[in-house]
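A short reminder: the numbers here are calculations on the coordinates, not readings from a lab. Keep in mind it's a predicted model, so treat the numbers as computed, not measured. Every residue, glycine as well, gets a Cβ built from its backbone with ideal geometry; the counts of neighbours run over all protein chains shown.
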Amino acid sequence: MFVSFMFTNSFGQKLPIGSKDELRTYALEQSRSVSVSVGTQLPAGTNSYKYVQLESSTMACISNTILKTKLVLDIVNPKDSFYIWVYVSNSDGFPLFTGMNQFNLVQTNGAYSVPTGYGNVVLDLYENIPLPIDGGAQWAEVAFIGADGKTYNFSSLQVWDNKLLFPRQLAGTNAFLVVGTASGGIKYWNVSNGQVLDPQEFDVLPSVIIRGIVPIMDGNIVVTVPTTNGVGQNLSVEYTSTKSQLVAISFYTSEWKWCKTVKIRKAGEKDWTTYSLILDSTGEYYYVNLQFDVGVYYVVPVWDPADISGLPDPWYPPYYYDGGGKG
């Protein structure tokens, strides 16, 4: 069965993140106020800042509003550099567009004046644009997709007042946007087009084993331990006996080395009992017959080191930093 993992839910919340153009026009539409200030290295005076509500969210309204804004700059040192800052913000006061222009006064015949074009400010999209998320954003991250189609890197994104602060630089990139909501759910978007992604659900049934343990219920215990040149993982048996029974026990390696000793402990007890295995009448294998009552037992083969050695599992002492020496 073929399943598309890029299934788009056209009924979900589309975000304006498919390109910087989409993000820029969205931000313009959310514009509600402008703030303009002038300044220098010294305090610039009480009339050097103005905040004005916009009548409409258009570029024309923003431009006209700023043109009508008269500021007064108190100048003490005409040699200093001067600055004009402009911010366009949304209804929450979060900046959407910002710009700055630096200028110096022009000296002519001993008199100072502002240069032509000093007030021209180019507004750029702010670094992060707040995007409301249905259900409220609690956390967010972007997952980048490599040329092979695999997710290769994650980066956390900022969340403010239940809104996603989306970086303008990521608009239109080949990535997934993942947002955790206040309800505990997780939502996904394709950053390249802003569409919601509806993840496919698959039932997962884990199956596990414990390395080195072979579970056996009733019957004889005959275990082959895989080895290569005498090296392998020893296998112990967890034996569940549901009745009183005589059990034949035999262990050998895949290279036909036979175990000659086993030790057995019943679950819940502390002491082990050791048993020797005997060579059968044909001289082909070693075994021992033992009586088991109802219960769970652990059967551990004890090998001749010449026949099998365990897989390397080195221990490295933990590193403790002592602060740079003894005081």
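Summary table below
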item: The chain - charge dipole about Cα centre, Lys and Arg +1 at Cβ, Asp and Glu -1, debye rounded to 20; result: 920 debye
item: Relative contact order of the range 204-327, pairs being alpha-carbon contacts under 8 Å that are 6 or more residues apart, as %; result: 28 percent
item: Tilt relative to the chain, helix 20-29 - C-alpha long axis, 0 to 90 degrees, to 10; result: 60 degrees
item: Rotationally averaged projected area of the chain (alpha carbon convex hull; nm²); result: 36.1 nm²
item: Distant alpha-carbon pairs in the range 169-300 (separation over 22 angstrom), percent; result: 57 percent
item: Estimated dipole of the range 115-250 in Debye, rounded to 20 [Cβ of Lys and Arg +1, of Asp and Glu -1, Cα centre]; result: 280 debye
item: Ascending count of other beta-carbon atoms within 10 Å, so fewest first, for K20, K68; result: K68, K20
item: Summed residue charge, Cβ within 13 Å of Y275's Cβ, Lys/Arg positive, Asp/Glu negative; result: +3
item: Backbone HN-Hα couplings from phi across the range 201-216 [Karplus 6.51/-1.76/1.60, Hz, Gly and Pro as x]; result: 10, 10, 6, 10, 10, x, 10, 10, 9, 9, 4, x, 10, 10, x, 9
item: Average projected area [Cα convex hull, the range 107-237], square nanometres; result: 20.4 nm²
item: The range 75-176: translational diffusion in µm²/s, Stokes-Einstein, Kirkwood Rh over Cα pairs, 25 °C, 0.890 mPa s; result: 142 µm²/s
